[in-house]
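Everything below concerns the one structure shown next.
The values are calculated or read from the model by the stated rules, or taken from the named source; none is laboratory data. Keep in mind that this is a model prediction, so the values were computed, not measured. So basically every Cβ, Gly included, is an ideal-geometry build from the backbone, and we count neighbours across all protein chains shown. Only protein heavy atoms, including side chains, enter the accessible area calculation; ligands, DNA and RNA are left aside. Shrake-Rupley method; radii C 1.70, N 1.55, O 1.52, S 1.80 Å.
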Amino acid sequence: MTANLENTFSTEIKVAATVFVVTLVAVRLVNFLNKRRYKLPPGPWNLPLVGYLPFLGKEPPVTFSSLRDIYGDVFSIQMGSFPAIVVNGMDAIREALLTRGDDFSARPPFTTARLLNEGRNLGFAAFGPIWKAHRKVVTHVMYAFTNARNNPIEDIIVSEAITVVEEFAAHGKEPFDPFESISVAASSMVYQLCYGRHKNIREDPDFSNNMQNSRDFRKFTKTGNPVDVMPWLRHLMPWKVSRFLEITGTFAKNRIKKVKEHEQTFDGEYLRDITDGLISAADHLSEEDKAIGLDRTRVIESLDTIFAAGTGTVGGVLHWMVLLMAAHPDVQENVFQEIEKVVGLNRYPSLADRCSLPVVEATIYEVYRFAAPVPVPAPRLTTCDTTVHGYEVPEGTVVLFNISSVLHDKDTWGDPEKFRPERFLLDNGQLDKAKAEQVIVFSLGRRRCLGEYLARMEVFLTFSTLIQRCRLYKPPGVPDYTLGRVYGIGCDPAPFKVCVALRE
């Protein structure tokens, strides 16, 4: 028995060593040939095999901004086994994602991306005819559901906002960390939008299991997964793959269960939620869609992408909103006064009020800009030899878009480090739409966030309801908030505590 274990261990070491050497030689050879063949963007010195990874630090967007000061808006780095470029600034990002959108719309063949339903996941699937048809079908379902007059979306969101108010108020005058209440509310919103209204969602064991799995996933991905950019590591760190599969498998099991429940009571004349919408769309695929390979299973599996994307971004933005309102009581008071004047205190804000609340809208845009909740979205991959900002970019290059470089650009904003919502207001008090268009928190182009409209609804209704009912303030005697950042998949505020007083 011992001899067998020793032989197995020895074999694994030999395999890992062989992969290590082959990968090192291949990376060096490819880099050498590319430098001779292409006019590549400049960039910093990289270590063998691991590339620039050890130098990214705990704040990659900040590191990218520092490199931008040295090398310009587009520069090259090595991401483990993958050659990469980082694109900064509105002009270069728009050129890549809009002018040459198809050239920059693939996803890298990272280990975890390939494991997600074997490339069927809408968020990470390969770019091509199937992906385009898939995206079109899901976009239609999302649009139809979020714009329908007889759907429960607004009620679900406002109900969750009220629950947050109640949970905040339950702390009395004691300081508390708002993260858990906000995280659960954001997850509950998208869960009910996907799977249907639930009067006691927090008592639903399926939702509770999903929440715990989301916490596990967030913890697991907090520092990234090294096997993505260094595939040979999976032989040395197999748990990085097995744990990922375990977590995503749990999400899939929950989705399969909920879809089966929907299929048993499905009525094509009355679509209750996004799951019903996807079932209907999957059952009515065009012959053209079927011919290129789009099928029913792939369409319904889109629920995984919708839930994952909707939970993290909205929760992160709302978390930042609580902090920034407590840190800036003057801004919070301006927001409240506008809500009190336009909406009053006898009903909750509605989507119909949005165009009449420019101060609320300006504050939301400033939170998006200041917080940069997704500073560097999921990487892209070039589909062909292309160019950006005057540089040549070979096919198969990983591309990182530093969105925070746009949101914090001094030339655009003047004082980007300051939280100043009035920058989004015109002299007549209305929202400056031209400035608002500079806030590209949902990215641009082919892979722009699928749930952007839904996310904006959730943020507006939750924020306006929360400020209408609560006064948020810094605990007495506590030093000023640092507004520090914690980077993971997105950018969250450093842990903080807040106090709440209900508005009478």
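Checked against the criteria, PRO479 does not count as open to solvent by less than 30 Å² (accessible area, probe 1.4 Å) and not charged (D, E, K, R). Selection over region 115-162 of residues that are small (Gly, Ala, Ser), surrounded by fewer than 21 Cβ atoms within 10 Å (Cβ to Cβ) and modelled with pLDDT under 90 gives a count of 5. Of all the criteria given as (1) of a type in the set (A, V, I, L, M); (2) touching a Lys or Arg at 6+ places or on another chain (Cβ under 8 Å); (3) at pLDDT below 95, the one not satisfied by ALA308 is (2). Scanning region 65-82 for residues that are in contact with a Ser or Thr (Cβ under 9 Å, 6 or more places away or on another chain) and surrounded by fewer than 22 Cβ atoms within 10 Å (Cβ to Cβ) yields SER65, ARG68, ASP73, SER81.
Tallying residues that are over 26 Å from the mean Cα position of the chain (by Cα) and among the aliphatic types (A, V, I, L, M) within region 304-355 yields 7. Any idea which residue in region 422-442 is nearest to GLU338 (Cα to Cα), counting only those that are open to solvent by 60 Å² or more (accessible area, probe 1.4 Å) and outside any loop (DSSP other than H, G, I, E, B)? Filtering region 422-442 for residues that are open to solvent by 60 Å² or more (accessible area, probe 1.4 Å) and outside any loop (DSSP other than H, G, I, E, B), the one nearest to GLU338 (Cα to Cα) comes out as GLU422.
From the list PHE463, PHE424, exactly one residue is modelled with pLDDT of 95 or more, of a type outside the set (Asp, Glu) and under 30 Å from GLY172 (Cβ atoms). Which is it? Don't jump to the end; show me each part of the working.
Details: PHE424 fails: under 30 Å from GLY172 (Cβ atoms).
From the options PHE463, PHE424, the qualifying one is PHE463.
The number of residues in region 342-361 being under 18 Å from GLU160 (Cβ atoms) and touching a strand residue (DSSP E or B) at 6+ places or on another chain (Cβ under 7 Å) comes to 0.
Can you tell me which residues in region 83-114 are part of a helix (DSSP H, G or I), open to solvent by less than 30 Å² (accessible area, probe 1.4 Å) and of a type in the set (Val, Ile, Thr)? Hits for region 83-114 are ILE93, THR111, THR112. Applying the criterion of at least 3 residues that are open to solvent by less than 20 Å² (accessible area, probe 1.4 Å) and either in contact (Cβ under 8 Å) with a residue 12 or more places away in the chain or under 30 Å from GLY484 (Cβ atoms) (or both) to the helices (runs of 4 or more DSSP H) found wholly in region 259-319 leaves 274-283.
Against the definition (within 29 Å of PRO379 (Cα to Cα) and of a type outside the set (S, T, N, Q)), how does VAL137 come out, yes or no? Give the steps one after another, and end with the answer.
Numbers: within 29 Å of PRO379 (Cα to Cα): yes; of a type outside the set (S, T, N, Q): yes.
Criteria met by VAL137.
Only a single criterion out of (1) within 23 Å of LEU271 (Cα to Cα); (2) open to solvent by 20 Å² or more (accessible area, probe 1.4 Å) is not satisfied by ALA169, namely (1).
Consider LEU53 carefully, then state whether it is crowded, with 18+ Cβ neighbours inside 10 Å and more than 23 Å from ARG447 (Cβ to Cβ). When the stated conditions are applied, LEU53 passes them.
Give region 233-258 a look and list any residue that's open to solvent by 70 Å² or more (accessible area, probe 1.4 Å), assigned to a helix (DSSP H, G or I) and either modelled with pLDDT of 85 or more or hydrophobic (A, V, I, L, M, F, W, C) (or both), or say none. TRP239, ARG243, LEU245, GLU246, LYS253, ILE256, LYS257, listed by residue number.
Checking every residue in region 160-171 against the condition of being within 17 Å of the chain's Cα centre (by Cα) and of a type in the set (A, V, I, L, M, F, W, C) gives zero matches.
If a residue must be basic (Lys, Arg) and modelled with pLDDT of 95 or more, how many such residues does region 434-455 contain? Don't jump to the end; show me each part of the working.
First, pick out the residues of region 434-455 that are basic (Lys, Arg): 435, 446-448.
When the remaining residues are screened for being modelled with pLDDT of 95 or more, the result is 435.
Going through region 434-455 one residue at a time, the tally reaches 1.
So for region 412-421 (the condition being touching a residue at least 24 places away in the same chain (Cβ under 8 Å), closer than 17 Å to ILE77 by Cα and surrounded by 15 or more Cβ atoms within 10 Å (Cβ to Cβ)), does at least one residue qualify? No; the residues of region 412-421 include none that is touching a residue at least 24 places away in the same chain (Cβ under 8 Å), closer than 17 Å to ILE77 by Cα and surrounded by 15 or more Cβ atoms within 10 Å (Cβ to Cβ).
Suppose the filter is acidic (Asp, Glu) and either under 19 Å from GLY101 (Cβ atoms) or touching a Leu at 6+ places or on another chain (Cβ under 6 Å) (or both); does GLU395 pass it? Lay out the reasoning, then the answer.
Values: acidic (Asp, Glu): yes; either under 19 Å from GLY101 (Cβ atoms) or touching a Leu at 6+ places or on another chain (Cβ under 6 Å) (or both): yes.
Considered against the rule, which asks whether it is acidic (Asp, Glu) and either under 19 Å from GLY101 (Cβ atoms) or touching a Leu at 6+ places or on another chain (Cβ under 6 Å) (or both), GLU395 comes out as yes.
As for region 139-155, it holds no residue that is assigned to a loop (DSSP other than H, G, I, E, B), closer than 29 Å to PRO41 by Cβ and either of a type outside the set (Gly, Ala, Ser) or free of Cβ contacts under 8 Å to residues at least 12 places away in the same chain (or both). The residues of region 218-232 that are in a helix (DSSP H, G or I) and either open to solvent by less than 20 Å² (accessible area, probe 1.4 Å) or in contact (Cβ under 8 Å) with a residue 40 or more places away in the chain (or both), listed by number, are ARG218, THR221, PRO226, VAL227, ASP228, VAL229, PRO231, TRP232.
If the condition is being of a type outside the set (Asp, Glu), over 18 Å from TYR365 (Cβ atoms) and surrounded by fewer than 20 Cβ atoms within 10 Å (Cβ to Cβ), then region 320-341 contributes PRO329, GLN337, LYS341. Against the list (1) in contact (Cβ under 8 Å) with a residue 40 or more places away in the chain; (2) open to solvent by 40 Å² or more (accessible area, probe 1.4 Å); (3) farther than 24 Å from LEU53 by Cα; (4) among the aliphatic types (A, V, I, L, M), the condition ALA185 fails is (2).
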